[in-house]
Amino acid sequence: MKIAGIAAEYNPFHNGHAHHIARTRDEEGGGATHIVAVMSGCFTQRGEPAMLPETDRVRMALAGGVDLVIGLPLPWALASAEGFAFGMVSALDALGCVDMISFGSESGDIATLQKAADCLSTDRFAQLLRYHLDYGISFPEARQRAVQEIAGTRTAELFSSPNNTLGIEYLKALRRLASPMTPYTIPRFGAGHDEAYPLGDTASASYIRTLAQAGRLLSAAPFLPAASMEILAAAAAKGHCPADTRLLERAVLAKLRQMSREELAALPGISEGLENRLYEAISTAGTLEELETKVKTRRYPLTRIRRLIWSAFLDVPAGWEIRTPPYLRVLGMNERGREILSAAKSAKAPLITRVSQRSLLSEEGQALYALEARAADLYALALPAPLPCGTLYTDGLVRMD
């Protein structure tokens, strides 16, 4: 048995994801016999509600070739690339039985990505990063300049591509955890991340979400496996897709207007007085788009601002994202997934397969579980036909055999 781990959002699961899984299983590729995916829940790393509910995305993953799906808790799902990657790798490492972590990248070359990851771990990089940040440029730009001075232009250019950047953060997390998991990468297939147009039968998840928001769901069919399209269409017919941020807009703005500068300053990802800029913008913005426009600068990119806004609305505390998740919530599995769980006897964190098991968690774990449950209840109001409260407690484990 060779178990591969995948970090995913599957928002939604498309042909590119299916290709990644096929290459991970291919004997000439990763050679995995079993695959476990750690998947973010109701909110995603780009700072917005997921396109459709967690349970539907779990079904897509299982239908698409994943054997076991573990949830990535909210504080890591809404973190920067570094926190997001650390949460993903920590969860896979905590299972104690995963042999390798498989991810897509624009580079497709582990040695090149590892060189960049090694660079980020040096004292020299930390010094140069601070030097460039002091000039008021964004973190991504400062990071790229620092890497260029240490390792040259070719290595620095890796950070121009989002999947390379995440892959480098996965490698950095593996080192931090001293994890025995072996990294494996495949070149990203088809349309690029956030690509505005499809390429053949592949399209970016953002393009597919744009089609769904425009009411053109059937136009997405060529870019999705048949099972994904069926699940997506069924969710849409029930009013469970696509989630629309505008349905939560006034609630988010109302929450933000009640927050003090001190409360904003305590948000995860706040630094360098950004809370003051955010506080002033909140006092006058009448829409989320207006708020984002008022706060965004060259130094503070849009995705960072969106993550801050949703962290504030959902009461996500700072500090979780630098720690390892206190539990592993199992969302779905097939027969091979049960075999993975059997192999995870020495897991480093409690495995939660039933809601009743949350009472056995530490105080910290129970607080996190309650936070995730509240976030799911609020997410439900972003759906065309809102779900009732308590889905995190009532939705059972998805089983597919």
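Using Cα-Cα distances under 8 Å and only pairs 6 or more residues apart, what relative contact order does the chain have, in percent?
24
Remark on region 258-314: hydrodynamic radius 11.1 angstrom, per the Kirkwood mean of 1/r across alpha carbon pairs. Each Cα pair under 8 Å and six or more residues apart adds its sequence gap; the mean of these over the residue count of region 55-209 is a relative contact order of 27 percent.
Rolling a 1.4 Å probe over the protein heavy atoms of the chain, with every protein chain left in place, gives an accessible area that is 51 percent carbon and sulfur. Other residues whose C-beta falls under 10 angstrom from the C-beta of Ala376 contribute a net charge of -3, scoring Lys and Arg +1 and Asp and Glu -1. In terms of its C-alpha gyration tensor, region 174-285 has an oblate overall shape, because the principal axis ratio a/c (a ≥ b ≥ c, square roots of the eigenvalues) is not below 1.5 and a/b does not outweigh b/c.
Counting alpha carbon pairs within less than 8 Å and at least 6 residues apart, what relative contact order, in whole percent, applies to region 156-313?
Details: 117 pairs, mean separation 19.5, N = 158.
Once divided by the residue count of region 156-313, the mean separation gives 12 percent.
Note that the chain presents 42 Å² accessible area per residue, ligands and nucleic acids not counted, probe 1.4 Å. Largest GNM mean-square fluctuation across Gly215, Gly65, Gly47, computed for the chain with C-alpha springs under 10 Å, falls on Gly215. Long hydrophobic helices in the chain, taken as whole DSSP H segments with a C-alpha length of 20 Å or more on their own axis and mean Kyte-Doolittle hydropathy at least 1.0: 81-95. Pairs spanning more than 23 Å between alpha-carbon atoms, out of Lys2/Lys115; Lys2/Lys348; Lys255/Lys294; Lys172/Lys348; Lys2/Lys345: Lys2/Lys115.
Among residues other than Met60 with Cβ under 12 Å from its Cβ, the summed charge is -2 (Lys and Arg +1, Asp and Glu -1).
Our note on the geometry: Cα centres of region 316-370 and region 116-171, 33 Å apart. Rounded, prolate or oblate: pick one for region 212-368, where a ≥ b ≥ c are the square roots of the eigenvalues of its C-alpha gyration tensor, a/c under 1.5 means rounded, and failing that, prolate if a/b is larger than b/c, else oblate. Verdict is oblate for region 212-368. For Val398, the residues whose amide H sits under 5 Å from its own are Gly332, Met333, ignoring neighbours fewer than 5 places away on the same chain, with H placed 1.01 Å from N. The H on the amide N of Thr202, modeled in the peptide plane, is under 5 Å from the matching H of Ala191, each at least 5 residues off or on a different chain. Only one of (1) -0.63; (2) -0.37; (3) -0.30 was calculated from the structure for log10 I(q)/I(0) by the Debye sum over Cα atoms at q = 0.07 Å⁻¹, and its label is (3).
Of Pro388, Pro242, Pro325, the residue with the greatest mean-square motion in the GNM of the chain, using alpha carbon springs below 10 Å, is Pro388.
The values are calculated or read from the model by the stated rules, or taken from the named source; none is laboratory data. Model, not experiment: these values are computed from the prediction. Please note: Cβ atoms are built from the backbone with ideal geometry, for glycine as well, and neighbour counts cover all protein chains shown. Just so you know, the surface numbers come from the protein's heavy atoms only, side chains and all, with ligands and any DNA or RNA stripped out. Shrake-Rupley method; radii C 1.70, N 1.55, O 1.52, S 1.80 Å.
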